[in-house]
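Asker: Right, I'll just put the structure down here and ask away after.
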Amino acid sequence: MMFTSTGSRGLYKAPLSKSLLLLPTVLTVLLTVLLPQYQDLFIYNLQAVRQGKQFWRLVSGRLICLDLKDTFCSSLLIYNFRIFERRFGSHKFASFLFGAWILSAFVDLLLIEALRFMFELKVDVLPAGLLGPVFALFVPFYSSIPRVQVTQLLGHISITNKSLTYIVGAQLLTSSAYMWVVACSGLIAGMLYYSNKLAVQKFIRVPGWAARCGSVLLEPVFSDSEPTAEAPLGMGATLDIQRQQRMDMLDQQLLLSQLEHLRRNAQQQQAQTGLLNWNRFFPTLRHRGQNRHHEGPQPQQPPYMHPPDNTAVAEEQVARLMEMGFSRMDAQEALRASNNDINIATNFLLQH
């Protein structure tokens, strides 16, 4: 779960993201391995744009990466950002990418002129590829994806569900000397389009007819079938690993059941202590068996009932957890057990 939203759903309901993963990668491999003599046509040469009036380079130079490392990092980020296609829909997601692509071209030219005027720094060539929209997607990623702490390093450095995405972005940022110019352009374009301060979404967007044509062309080729069930437990594993996985699953189900049974009687205590210490109140199945002989006779506990199915859950919170890669059933059970507290539910699902 470290990569924010990776899960068994893969690229389901994300045909545009899948096409952006496959097509640019294939074209990059063709240009770098089989057809290197045509690479000059896809160089993002701003000097040729300014002096040679080769305005077509603003298109060709901003579509295909000419560096395999840039292609790999941008593909990882696009795969992670596919959650926005599920959340916005393919049409709105395509409009965001298109708007950020257009705006970042203008910002590139403005930044280059500003560097030359203020610092006498002449930049003629920028990294090629669909990099502006990729950096622009960090804006909704930072604004709308909840930050959940996963662990800590050395007791001080927090590792969250978003850390790996930022690390990949930093790797892409440092891949070339002037990548920071493209990154700044993408972030500025993303903020302009996402905030819609200048009403740019009204003027720069993918037309409806183009979205319908793209849907007809892309969905039959790049759409994935809906996942019907989770992968079988222990597939390809030894018998001991299968048993451990089943115990973990039973432990999770029992914990949810116990939490729902006690939640109504512990609301005041929850309000005072914030988050519950799950392991303190509900030791795992394995620890129960190991500690039983060290304890004295225990009073008989009443049997715990499964949480009632009619407990209301917020569909918006369920959708947010599903976008992070959890199944609908797990999301509903976690929210029902945590009284619709998405932070408690997310922490529980990540830790179990």
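Asker: Roughly how much of residue 330 is accessible, in Å² to the nearest 10, using a 1.4 Å probe?
Answerer: Taking all protein chains as shown, residue 330 has close to 50 Å².
Asker: Report, largest value first, the span of the C-alpha coordinates of region 91-162 along each principal axis, in whole Å.
Answerer: 46, 37, 19
Asker: Quick one: which of 69/162; 18/92; 13/197 span more than 25 angstrom between C-alpha atoms?
Answerer: 13/197
Asker: Further question: Expressed as a fraction of 2.2 N^0.38 Å, the rule-of-thumb size for a compact globular protein of N residues, what is the C-alpha radius of gyration of region 175-217?
Answerer: Relative to the 2.2 N^0.38 Å estimate, region 175-217 comes out at 1.60.
Asker: Please give the peptides 130-138, 78-86, 37-45 ranked by average Cβ packing (other Cβ atoms within 10 Å per residue), highest first, as a rough proxy for protection.
Answerer: Ranked by mean Cβ neighbours within 10 Å, highest first: 130-138, 78-86, 37-45.
Asker: Sequence neighbours fewer than 8 away in the same chain don't count; with that in mind, list the lysines whose C-alpha is under 20 Å from residue 122.
Answerer: Filter leaves 53.
Asker: Next question, about the same structure. Using a 1.4 angstrom probe on heavy atoms only, work out the carbon and sulfur share of the accessible area of region 114-192 in %.
Answerer: Carbon plus sulfur share of accessible area: 68 percent.
Asker: At 1.4 Å probe radius, can you tell me the per residue accessible area of region 1-144 in Å²?
Answerer: That works out to 45 Å² per residue.
Asker: Same structure, new question: For 200, 26, write out the residues from largest to smallest accessible area, computed with a 1.4 angstrom probe and no ligands counted.
Answerer: Listed by decreasing accessible area, they come as 26, 200.
The values are calculated or read from the model by the stated rules, or taken from the named source; none is laboratory data. All values reported here derive from a predicted model rather than from experimental measurement. Quick reminder, even Gly has a Cβ in these numbers, built from the backbone with ideal geometry, and neighbours come from all protein chains shown. Ligands, DNA and RNA are stripped out before the accessible areas are found, and what is left, the full protein with its side chains, is counted by its heavy atoms. Shrake-Rupley method; radii C 1.70, N 1.55, O 1.52, S 1.80 Å.
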